[in-house]
Amino acid sequence: DSGVTQTPKHLITATGQRVTLRCSPRSGDLSVYWYQQSLDQGLQFLIQYYNGEERAKGNILERFSAQQFPDLHSELNLSSLELGDSALYFCASSQGGPLTYEQYFGPGTRLTVT
Amino acid sequence: GENVEQHPSTLSVQEGDSAVIKCTYSDSASNYFPWYKQELGKRPQLIIDIRSNVGEKKDQRIAVTLNKTAKHFSLHITETQPEDSAVYFCAAYGGSQGNLIFGKGTKLSVKP
């Protein structure tokens, strides 16, 4: 158990809908990262937050957005869902300080868009 | 930006043999190189990492080597066991992007 929690574990929804994925980082970690993993694909970095502020952006679609709240949990919002958005979505956390790079992953949310 | 190439994409070994997975990176400013193991349907688990000021690091049956000049790093697993079967991802951190860039993964199968 990495200490990173994600809810829900599974989500099934229809095209055009909007969903919210939630992540709580390890105790003491200030940085949260979101990744997308499609079937047989690697891990695609979406976005990073550090202590409530957006720090880095990867290949995140305009239909997707995220935020990190004062208690450091983060939410990833996916809207106007398409079939191709079906994937495993992982959250990872790290301390976020200088020279602290280790990222620990949560169990993931499996999103199925029908 | 950073690009990480990983080879091979699949690797099959006999139990007890060694396995080697290789990665190359493009951004010479990258300074942290972790390896993750992912079993089917589970989260990626950090198994070992190395920083750019170190050439080699070992942890029991697992070792990682880094050649900064050639910009490549490798994962070595000795005395493989069936439970080592998983997908292994390398990654590079730092450089201009400041986040982890992952290789596409290597599916390791260890046959008993």
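The values are calculated or read from the model by the stated rules, or taken from the named source; none is laboratory data. Nothing here was measured: the structure is a model prediction, and the numbers come from that model. All Cβ positions, glycine included, derive from the backbone under ideal geometry; neighbour counts span all protein chains shown. Areas reflect the complete protein model, heavy atoms only, side chains present, ligands, DNA and RNA absent. Shrake-Rupley method; radii C 1.70, N 1.55, O 1.52, S 1.80 Å.
Quick check on region B:65-87. Is at least one of its residues away from chain A (no Cβ under 14 Å), in contact (Cβ under 8 Å) with a residue 40 or more places away in the chain and touching a helix residue (DSSP H, G or I) at 6+ places or on another chain (Cβ under 7 Å)? Within region B:65-87, one or more residues are away from chain A (no Cβ under 14 Å), in contact (Cβ under 8 Å) with a residue 40 or more places away in the chain and touching a helix residue (DSSP H, G or I) at 6+ places or on another chain (Cβ under 7 Å). May I ask you to verify whether B:K58 is at positive phi and of a type in the set (D, E, K, R)? So B:K58 does not fit the description; no. The single residue among B:K42, B:K111, B:K104 that is more than 22 Å from A:G42 (Cβ to Cβ) and not aromatic (F, W, Y) turns out to be B:K111. Away from every other protein chain (no Cβ under 14 Å), modelled with pLDDT of 95 or more and crowded, with 17+ Cβ neighbours inside 10 Å, is that true of A:S79? No; evaluated as a whole, the condition is false for this residue. Scanning region B:76-101 for residues that are surrounded by 21 or more Cβ atoms within 10 Å (Cβ to Cβ), closer than 26 Å to A:L46 by Cα and within 14 Å of the chain's Cα centre (by Cα) turns up B:A86, B:Y88, B:F89, B:C90, B:A91, B:A92, B:Y93, B:L100, B:I101. Of the listed requirements (1) within 13 Å of A:F90 (Cα to Cα); (2) within 14 Å of chain B (Cβ to nearest Cβ); (3) in contact (Cβ under 8 Å) with a residue 12 or more places away in the chain, A:S31 misses just one: (1).
Checked against the criterion of being over 21 Å from B:N99 (Cβ atoms), exposed (fewer than 14 other Cβ atoms within 10 Å of the Cβ) and of a type in the set (G, A, S), the candidates A:S27, A:S38 yield just one match: A:S27.
When region A:89-114 is limited to residues that are open to solvent by 30 Å² or more (accessible area, probe 1.4 Å), in contact (Cβ under 8 Å) with a residue 40 or more places away in the chain and not in a strand (DSSP E or B), the one that is farthest from the other protein chains (Cβ to nearest Cβ) turns out to be A:T114. Being of a type outside the set (S, T, N, Q), touching a helix residue (DSSP H, G or I) at 6+ places or on another chain (Cβ under 8 Å) and surrounded by 19 or more Cβ atoms within 10 Å (Cβ to Cβ) is not true of A:L46.
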